Amino acid sequence: MKFKRIFLVVLDSVGVGEAIDANNYEDEGANTLGHIRDNYNLFIPNLQKLGFLNTINMDENSDVEAYYTIAKPTNTGKDSLSAHYELVGIKNSVPFKNFSEKGFPRELIDSIETITGRRVIGNKSADPQAMIQELGERQMQYGSLILFTSSDANLQIAAHEDIIPLAKLYQYCEKIRKITMKEEWRVGRIIARPFTGKPGKFKFTNERKDYAVKPPKKTVLDFLKDHSYSVIGIGKISDIFDGEGITKTMKATTNMDVINKLTDVMEKNFTGLCFANLADFDSLYGHKRDLNGYANAIEELDVEIPMILNKLNNDDLLIITADHGNDPTFKGNYHTRENVPVILFARDFKEPKRLEILNSMADIGATIADNFEVEKPEIGNSFLDQLK
């Protein structure tokens, strides 16, 4: 074992340029980080020292403090679930269903109304906050369920806690998860979105709950757990894997919340993996095509980088990557098929530099498995021996 602790941080949707198969997704020309840099005076000196901006064009930089490269996506689809599967060594050849263009089919809506005994309203792709402001009062009047998607492979159900208690909302979502396992309705996640407040001032609570499809087989996370290593999930990580392979779950609602919990964990004594996801880039800015907000969020992360690096022990490894793109300058409001940055930092690295491009995001998971000498995942090749 080269590293006692590995911290894997996913910058949700911070892609670095179209993938080789971007034309299959009508995403030619997408480049999340590149277009943000081109359209905004991005000031990120700390990330820049790690080679972060060099991943856009894979230009060589000899004056860096970390190894840097990019990884190609190989799993089918550009949703978060397929991407996270790939990161931990699971091949997914069938994309999860996405209903953002035309809404969910009438047959599914009828089934949901039958199993819940409640009317469904909404049924479109929209910003979650906008949905509850638009339909929240109506939901309260009729006791209905607000159903929508946020331009990902998900189905979200929102309801006011005073009208539909939390336990009942969860119960409904569990039932919906079961019927959406049918292939034609197979979304990646069912998401319960309870809210409170009065008309015009509705707000979501922190009791969101995701019901994801369980991974089809064991992941690197499971292998680590089986060998008694710690696997700590921060943010939506545990939800993404439906708790499989996770030894400790830490909920977090914002990027800053995730970072605070990450730095808290860094002060603990454990052996294994800490896996965190910074979701605000995607949910708050990418889907809304908010370039300035996205850029500000990257700058806010940059401010925290020195503290994160300072908390690393000599035998720790930090990996910063992403899961897909969501270019705020691109058409539509959905994810974009892009390569992802890969930054690797450890205190004892002797010659940090540009690495060869990784043929799969699964190479990250394979490297983690190699480090802890556990079973090799079904896809991915370790590059641990290149880190010197």
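Tabulated data for the structure shown
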quantity: Residue check, Thr116 at pLDDT below 95, in contact with a Leu (Cβ under 8 Å, 6 or more places away or on another chain) and not aromatic (Phe, Trp, Tyr); calculated: no
quantity: Cβ-Cβ under 8 Å pairs, at least 6 apart or on other chains, segment 329-342 side over 15 Å from Lys78 (Cα atoms) and modelled with pLDDT of 95 or more, far side buried (at least 24 other Cβ atoms within 10 Å of the Cβ) and aromatic (Phe, Trp, Tyr); calculated: Pro341/Phe52; Pro341/Tyr68; Val342/Tyr68
quantity: All positions within segment 17-30 that are closer than 14 Å to Lys78 by Cα and part of a loop (DSSP other than H, G, I, E, B); calculated: Gly17, Ala19, Ile20, Asp21, Glu26, Asp27, Glu28, Ala30
quantity: Members of segment 247-277 found to be surrounded by fewer than 21 Cβ atoms within 10 Å (Cβ to Cβ) and hydrophobic (A, V, I, L, M, F, W, C), listed by number; calculated: Met250, Met256, Val265, Met266, Phe270
quantity: Condition check for Glu378: surrounded by fewer than 24 Cβ atoms within 10 Å (Cβ to Cβ), closer than 23 Å to Ala22 by Cβ and either of a type in the set (Asp, Glu) or within 15 Å of the chain's Cα centre (by Cα) (or both); calculated: no
quantity: Segment 195-221, residues that are of a type outside the set (A, V, I, L, M), crowded, with 21+ Cβ neighbours inside 10 Å and either at pLDDT 95 or above or more than 23 Å from the chain's Cα centre (by Cα) (or both); calculated: Phe195, Phe202, Thr219
quantity: Among residues of segment 12-26, those that are of a type outside the set (A, V, I, L, M) and in contact with a strand residue (DSSP E or B) (Cβ under 7 Å, 6 or more places away or on another chain), counted; calculated: 5
quantity: Lone unmet requirement of (1) touching a residue at least 40 places away in the same chain (Cβ under 8 Å); (2) surrounded by fewer than 18 Cβ atoms within 10 Å (Cβ to Cβ) for Ala22; calculated: (2)
quantity: Extreme residue, surrounded by the most Cβ atoms within 10 Å (Cβ to Cβ), among residues of segment 222-246 that are of a type outside the set (A, V, I, L, M, F, W, C) and under 14 Å from the mean Cα position of the chain (by Cα); calculated: Gly235
quantity: Tally of residues being of a type outside the set (Val, Ile, Thr) and surrounded by fewer than 24 Cβ atoms within 10 Å (Cβ to Cβ) across segment 309-333; calculated: 12
quantity: Selected residue (criterion: farthest from Asp290 (Cα to Cα)) from residues of segment 1-16 that are among the β-branched types (Val, Ile, Thr) and assigned to a loop (DSSP other than H, G, I, E, B); calculated: Val16
quantity: Enumeration of residues in segment 322-346 that are under 20 Å from Leu273 (Cα atoms) and touching a helix residue (DSSP H, G or I) at 6+ places or on another chain (Cβ under 6 Å); calculated: Asp323, Pro341
quantity: Single condition Arg189 does not satisfy, out of (1) at pLDDT 95 or above; (2) closer than 18 Å to Val213 by Cα; calculated: (1)
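The values are calculated or read from the model by the stated rules, or taken from the named source; none is laboratory data. The model shown is predicted, which means the values in this text are computed figures rather than measured ones. All Cβ positions, even for glycine, are placed from backbone atoms using ideal geometry, and neighbour counts span all protein chains on display.
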